[in-house]
Each structure stands twice: as C-alpha cells, then as structure tokens.
C-alpha cells in the first residue's frame, strides 16, 4: 500500500512539471513520513534472559533500600532467596518511581508505560512474560507470584526495562540507574532547575557544611574562544569573518579581550573588545567595578560602544522582592530559553511552534542584569545573549544604593557620557530614585536630570513612573489577576522636538493581556496586545492576538495581526504554525500566512529537522506567493570533541549561497595538565576540580598514604560534570564567574558502604576564567556485628529487640542499635577509635536479665575498606538462675 502511495505521489509530481522546483522537496517529506511509519513496524524481538534461573526453594521477605543515584532513596519489599538473589515487588517499585502501573486480573497482570504513552508494557505473572514495546521477555523462574504480589528478579527487570540494578547483600540495598528519565527524577530535575526561584520567593537562607570563598591572584587561569565563518554566493567574492577571545584573572578581577575581524570591512575600534570586572559582595561602599568597554542603561541614544568605568554598591546576588513581571519575545521555534538574573539561572522555558516564549520574572532588589540564553532543539547553544533593561528598581527598606558609569563613546566625535543614579527604599512597597545623565553630543541639552518611583501596593500589582526632564514621561502598570492571568498597561509621552532618543512620536500607548488556559490535556496561552503610536499628523495602531497550545509532541500557534493608520482600513493577516515531533526524532513544522484583508494566501513554508547523536540537519522550503519567490535552505551540523562545525546553504530565485561555520573554546588548567575543549564559550566562565580522597586521619589534608577515590557524579545547579576514572578528578565546567554554587555529594555514589563524605554540601564561589581546586575528604567508618543470645536451661536461642549501646572511651553514647528477631545485630558508622558496647541497663532490669559479658571492648582501625569487627556476642541470663 505504501509503495502505491509513493508511485502516485511521484506520478502527480511528474504530471505537474511546472512545479519541479519544489517537487523534490515534497517528495522528500513524503519519504520521511513513510520512513517514520516503517520504523514503527519493526518485527517483534523475543528474548529469554536469565532463563537458567533455578526455581525458588526458600526465601526471606525483607524490606530493602533502593538508591536512585543522585536523587532519592526509598524502601521496597523484596524476596531474598537462599542463593542470595533478589526479587523485587515490581508494582510497589514502579509506583515509588512514579512509573504508571495498573494491576488487572486480580493482580496477575500489570500494565502501564515507560517514559511516555508510546512505550507500553505488560507483566503477566501467569505466563511468566514481560512485553515492552516490541520486545517479549520470558523467564519461568525470574517472574513469580508470592504473597499476593508479583516479584521479578533484578537481572530480568534490568534487561526488560533498561535498568542497571546492583544488589548489595551485606547492606540489603540496591543501587538503581536507568537508561531513561524517571518521572520522579524528571520532577527532581525541574525542581533543581527552579530551586533558585523557590529560594527567591521564600527568601530562604541556605546552610552548607562548608564554604569555599574566592581565591585572589594577580594573574591566573586562561580561556580562549574562537570562531570562523565564511560565506560564498554566485558572482561575489567569499566573505570571511574571524573571532578570537581571551580571558583570565588579572589584578584580582576578571579580564577578557576579543577581536572580530571581517575581511571585507576596514578595521574599526568597535571590533576590538576589552573589559576588566571586579566583584566583592563583602565590601561596604564599592561592590562591583568595571573598566574598559562597559554596558549601561541610558535615556539618550548612544549609538556606539562606551569606553570607561562603572561602579556601584549593589551585590551581584539575587535578592528577591515580592511579585513578578512578564517578559515575552520571539526566537527560533522549539528552542529552550534560559533566564538569568545577575548570572544566576532562575528559570527556563521552551518556545512554541512560532518561536514565542514567555517568562514570569521575579522582582529583585537593586541594580540587576537580566540575561537570556538560547539553546536549539538540534543541540545549538546560541552564543548571543540578550541583556534586558529591567523595568523596575526596588530596594530593601532603608537601603540606599548607587550606580555610576562614565566614559567616551567610540563615535566620530568621541562624545563624553556620564550617568549617575541613586535609589532608596522608603518602605518595602515604595522605592524612589533620582539621577542625572550627561551626553556632550547634545548641544542644547547635554544634562538630563531624571527621577523614578516604583510602588507595589500588593504583590499582584506594580506601578512604575519615570521622568526625564524635557525628554519623556513613562508610566507602567503590571497586574496579575486570577491564578496566572496578566495585564500590562504602559503610557509614554515625549517632549516636542526632543532629540535625545530616536523616538519621534508624541505618545505611545500599550495594553497587553496574557491568559493561560488548560483544556483537559491541552495547555496553552492567549496573548492580546494593543499598541498605538501618536504622531503630529496621524496615529498608527496595532492589534495582535496570539493563541499557543501544545499536546504531547504536538504544538500549534495561531496569530492574528492587524494595523491601520488613523481612520484608514485595517490590514489584517493571520499565521498558523504547526509542529510535530515523531518517534524517530524528526520534527516537522508546516506554516501558512494568510491575508485576511484581501482574502488570499501570502506565504507557505515547511521545515523538517533531525538530530542523530552528534550530527543534525534541517531543511526548509518557502513559497512566497505575494512576491512570487521560492526559497530552499539546508543546514547540517556536526559536533567534534573540540569544535562545532556547520554547513548552511540556500537557494533563492536562481541565487545560490553557501556558508561554513566552526567555533570552539579552550579552558586551561583542568587538572593533570588537561585542557578542556568544547564548542561553547569558555570566557567569563569558571570551573571546579574536585579531588575526593580517603581522609584516614581526618586532618582534611591528603597524605601520601591516603588514596584518591573515584566519584562519578555530584549535584550542582548549572554546569556540566565530567568524571574520568583514571585520575579520579571530578571536573565541573561551564559555571558563571563570581557566582556562588551549591555543590552536593551523595554517600550513595561511593562504592563502599563504609565510606561517607565528611561534608555533603559545599558553597563554592567560582573564580573567573579558571578551575578552582577543592579537596573532598571522605571518612572511613567501621562496622561491628554480633549476636544476642538468651540462655534457657541448656538451650541458647537468639533474642530480638535488645538494645545494644555504643560508647566512646570518655563514656559518651555515640550510637545505638537493636538486635533482629534471630538475635543478630550490626552497626555501621563508627569512626576509627576505641569503643565499648553494652546492653542497655534499663532494659535488662525491666526484663530481669543480666548480660555476659557486661561489655565488649572494640577498636576500629583506619583501614581503607573500613574495619569490620564481628562475634561481639552477648548472652542473657535470667536473674532467677543460680
């Protein structure tokens, strides 16, 4: 049937020969759909792992600990056989992992799905069979029904569900790793990414086991960014661009310098960038300083880079005030957008099929820098960062902060620019500010005094006013209503004839309403906006409506745009963009733009994207009916270990263009002479080198007899972790300079249950353009075991529920444990030194027993694998015995 469809499609394309320019493209789309469907028809694969498992003869029902490395741990029921094999209660396990599991047929069949609804599974205890996706796994002795529940041997479970389960019989624990993202792990990851936002909203003060501050150097570190771009088209010479950037620590601050060189352009000063930045939040009067090419907010239009100095007394930490405001814009479709405030990641979102994204930005105290970073669905990390001017400046109550910036503009006149501003928190709800701006290139009005006020009557409403003398007056109101609906009203009035800004209108009026919605499983957002620009001779008005929604792997975006001048007839267009992600990784995105005013189609477009491991490609065809043009583009990108290379081409009305790009970075000092190579920027970043070691003598310093320990993973918000077993260094890269990070180690990551991190949480302040070395001490603990017996006449039996207390030589109780039903007891967690074990006296008195011996003395030795002392036995005798 599929072959017939392809033949019909090809015949149609051949018959309508006038469309040959686009025929191959649509044929490609058809082939892609057929390939996607073909991949869904893979023949069933039948496996029979662990088929040699012996029948269960005897078992113990116990509760064992499941450790999901790096995230959480919990207990689940298990059967431990006489051959020390572990069978897990699979229904209980899946429910605690957040995997959908529904029992049927009196619990003999379990059904659900793994990762998403497209990968269903069923477990049949009667047939001893697991069906997942296109695989069938049968194990006669690996799937059993006992005690009213279905138990599966961990080897069978691992094979069927792409899990790695390591069973430790000694500690009755299982370390679990999976080849997909668990629902609870995904939730934990999202919570981790939003942890900064939670802290902001609650004004939490985190506690850490230890704090690692700044290390200051006159010169240290080194990072290098490079990029090459070449563009060729018919009848023109190649246009090449080269970029080189260097970063280091210089005179205790961050220093960066870069050069952009374009072959076809005369070299200008603007192509050369240099900046030195120093931050110390512990200083009282000056906390941040920048020298070189600096960025600053300005009322006047500068039109050129500013070379000078800026300083202020605001910390670069994120200090949360109450309330939020919304920012929204467009980028590429299906891109991930990250929101940073003062270089700290506080939230992220994904753009819809049209590229629209929206953030609820928390309001923070002080002068803030808001930055957006963009990541593509094909793995692109856009070097471009958009720094936004924050619309509000709030200060804590009775706190005054200033900001001063000044220098020379790199324009033909070498104009002088200075801006000085002070803001004061009158109360928690009101902040007032004032300042003056000077620009020498404005002959009649070089000085611009200004004032501002921000008022928050309640957390859902913010009112802001800004006045610049003889330039403009601006008012802005943000109001949240309902659960997440948002209203923004803005008004601007410009002085007649002002030449300070590029705005030549008299007034600007804006109204924007955002209304999120949820219909069953559909989620979306509706945005309505009205803009009016008032000029002397006419008014220009715009009304936009945007409806964006998503469901599973599908998303849609429908927009209406209309504009008109004064009383003239409105020009109205509509754009519909659809997006679909298929199982095989292809993303198809068709779109259409329609002219509602003239009732005709303006533009048709189709895009397809695919990512496979380190290589990805995208192709697009666009038919612009309004101008009678056809555009075809194709891009391919390949990630090398040290760089990212891409090839882009387009064909537009008999004009062919091709471009090649390559970019990468080097970060020096990555430990053991290593240089970290990457395709993303390394300048302005930093890293952490963690050196875990066994601290046998607990002096926090690695001695010659103390070995290094390989730790595969740690937890940190942001950054990338790389561990190499050969040198036992845990490398964390891609961290922002001058930012404090929380670094967390989990004892479950250690291979020996007798090892524990001395500090589980670290606060680390990242040094600029370098790796910071941190020694991570790991303590070794010993274990004591024994039996508690009860003497009854000539017989001796194990006695449970007896309290064994452990004391140090100073007589302080350090631990306590209970004997099990058979009399066995154990305790793991004793540091190397001498201890005394005793049966609790109060319990002996209550039971009318005496213990022999009265106490057991033991010495825990500082052994690499941890000391294990056994046979510390006690025998209980009745006091009535003679």
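The values are calculated or read from the model by the stated rules, or taken from the named source; none is laboratory data. Keep in mind that this is a model prediction, so the values were computed, not measured. All Cβ positions, even for glycine, are placed from backbone atoms using ideal geometry, and neighbour counts span all protein chains on display.
Please verify whether the range 645-660 includes one or more residues that are closer than 22 Å to residue 769 by Cβ and within 25 Å of the chain's Cα centre (by Cα). Spell out how you get there, then give the answer.
Filtering the range 645-660 down to residues closer than 22 Å to residue 769 by Cβ leaves none.
No, every residue in the range 645-660 fails to be closer than 22 Å to residue 769 by Cβ and within 25 Å of the chain's Cα centre (by Cα).
All of 825, 807, 849, 835 fail the test of being touching a strand residue (DSSP E or B) at 6+ places or on another chain (Cβ under 8 Å), over 21 Å from residue 171 (Cβ atoms) and crowded, with 19+ Cβ neighbours inside 10 Å, apart from 849. Among residues that are within 28 Å of residue 299 (Cβ to Cβ), buried (at least 19 other Cβ atoms within 10 Å of the Cβ) and either at pLDDT below 60 or assigned by TED's automatic domain parsing to the domain that holds residue 686 (or both), residue 367 is included.
When you go through 766, 784 one by one, which is the residue that is touching a strand residue (DSSP E or B) at 6+ places or on another chain (Cβ under 8 Å), buried (at least 19 other Cβ atoms within 10 Å of the Cβ) and under 28 Å from residue 868 (Cβ atoms)? It would help to see each step written out before you state the result.
On the way: 766 fails: under 28 Å from residue 868 (Cβ atoms).
Just one listed residue meets the conditions, 784.
Listed by position, the strands (runs of 3 or more DSSP E) enclosed by the range 764-860 that each have at least 2 residues that are over 30 Å from residue 718 (Cβ atoms) are 782-792, 795-798, 803-808, 813-818, 824-830, 834-839, 849-852, 855-859.
Just one residue in the set 496, 483, 521 is farther than 29 Å from residue 360 by Cα and surrounded by fewer than 16 Cβ atoms within 10 Å (Cβ to Cβ); that residue is 496. Per the conditions (1) surrounded by fewer than 17 Cβ atoms within 10 Å (Cβ to Cβ); (2) closer than 18 Å to residue 329 by Cα; (3) within 32 Å of the chain's Cα centre (by Cα), the sole criterion not satisfied by residue 542 is (3). Filtered by the rule that a residue be touching a strand residue (DSSP E or B) at 6+ places or on another chain (Cβ under 7 Å), more than 15 Å from residue 90 (Cα to Cα) and part of a loop (DSSP other than H, G, I, E, B), the range 124-138 gives a lone residue, 134.
Quick grid of which residues meet (1) over 22 Å from residue 581 (Cβ atoms); (2) at pLDDT below 90; (3) assigned by TED's automatic domain parsing to the domain that holds residue 148:
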| site | (1), (2), (3) |
| --- | --- |
| 95 | yes, yes, yes |
| 101 | yes, yes, yes |
| 107 | yes, yes, yes |
| 115 | no, yes, yes |
| 118 | no, yes, yes |
| 127 | yes, no, yes |
| 133 | no, yes, yes |
| 136 | yes, yes, yes |
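Looking at 686, 719, 754, just one residue is at positive phi and buried (at least 20 other Cβ atoms within 10 Å of the Cβ), and that residue is 719. Examine the range 594-601 for a residue that is out of contact with any helix residue (DSSP H, G or I) (no Cβ under 9 Å at 6 or more places or on another chain), under 27 Å from residue 236 (Cβ atoms), in contact (Cβ under 8 Å) with a residue 12 or more places away in the chain and assigned to a strand (DSSP E or B), and state whether such a residue exists. Checked against the condition, which is being out of contact with any helix residue (DSSP H, G or I) (no Cβ under 9 Å at 6 or more places or on another chain), under 27 Å from residue 236 (Cβ atoms), in contact (Cβ under 8 Å) with a residue 12 or more places away in the chain and assigned to a strand (DSSP E or B), the range 594-601 yields no hits at all. Where helices (runs of 4 or more DSSP H) sit wholly within the range 143-249, those with at least 2 residues that are modelled with pLDDT of 85 or more and either on the phi < 0 side of the Ramachandran plot or in contact with a helix residue (DSSP H, G or I) (Cβ under 8 Å, 6 or more places away or on another chain) (or both) occupy 154-161.
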